[in-house]
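Structure first, then comments.
The values are calculated or read from the model by the stated rules, or taken from the named source; none is laboratory data. Note that the coordinates shown come from a computational prediction; the quantities given were computed from them, not determined experimentally. Neighbour counts are summed over all protein chains in view; Cβ atoms, including those assigned to glycine, are modelled from backbone coordinates with ideal geometry.
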Ligand SMILES: [Zn+2]
Ligand SMILES: [Zn+2]
């Protein structure tokens with residue numbers, strides 16, 4: 001019988017283990033990331049958090065995001081030429097970026113696969129974290145005949 005992957009540990013436990021204080025702002029920002037997993041930018045997180053906490057500032061939101069990333073509750077997703085996005089999915093996964101609509105989708109690893117084993121890692125190197133981004137067209141955009149990729153428009 002295969003053992004199930006360990007459940008991501010709870011917010012309270014993780015944040016206190018990392019030596020950070022459990023502030024209502026951090027909790028709220030984390031809840032925003034969990035509520036809608038569409039890989040929002042910091043500005044989008046700010047606008048959503050503001051609905052619950054009208055007095056929160058963008059700087060505070062940046063700060064909270066930084067803390068969540070540093071204690072491993074969220075990860076940054078960098079898409080070329082774009083603002084950093086944030087992801088609270090803690091399972092090992094890659095990202096698929098649609099080049100047409102810019103939506104970022106989570107792509108789970110195939111069962112039993114491990115990302116670092118896909119590479120012929122030179123001796124002595126240790127992987128501490130991996131990041132993989134796939135690009136292309138999402139299912140919805142692939143159906144659209146006006147796709148930029150299919151009919152590149154001169155700028
Ligand atoms: Zn798309
Ligand atoms: Zn993700």
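Key figures
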{"quantity": "Selected residue [surrounded by 16 or more Cβ atoms within 10 Å (Cβ to Cβ), within 16 Å of ligand 1 (Cβ to nearest atom) and more than 26 Å from residue 31 (Cα to Cα)] from 138, 98", "calculated": "138"}
{"quantity": "Condition check for residue 69: part of a helix (DSSP H, G or I), under 20 Å from the mean Cα position of the chain (by Cα) and modelled with pLDDT of 95 or more", "calculated": "no"}
{"quantity": "Criterion violated by residue 34 - all others in (1) within 13 Å of ligand 2 (Cβ to nearest atom); (2) free of Cβ contacts under 8 Å to residues at least 40 places away in the same chain satisfied", "calculated": "(2)"}
{"quantity": "Cβ-Cβ under 6 Å pairs, at least 6 apart or on other chains, region 85-100 side within 20 Å of residue 115 (Cα to Cα) and touching a residue at least 12 places away in the same chain (Cβ under 8 Å), far side within 16 Å of ligand 1 (Cβ to nearest atom) and in a loop (DSSP other than H, G, I, E, B)", "calculated": "87/39; 97/79"}
{"quantity": "Unmet requirement for residue 62, which otherwise passes all of (1) in the same structural domain as residue 132 (by TED's automatic domain parsing); (2) free of Cβ contacts under 8 Å to residues at least 40 places away in the same chain", "calculated": "(1)"}
{"quantity": "Breaking point among (1) more than 28 Å from residue 20 (Cβ to Cβ); (2) assigned to a loop (DSSP other than H, G, I, E, B); (3) away from ligand 2 (no atom under 16 Å from the Cβ), for residue 102", "calculated": "(3)"}
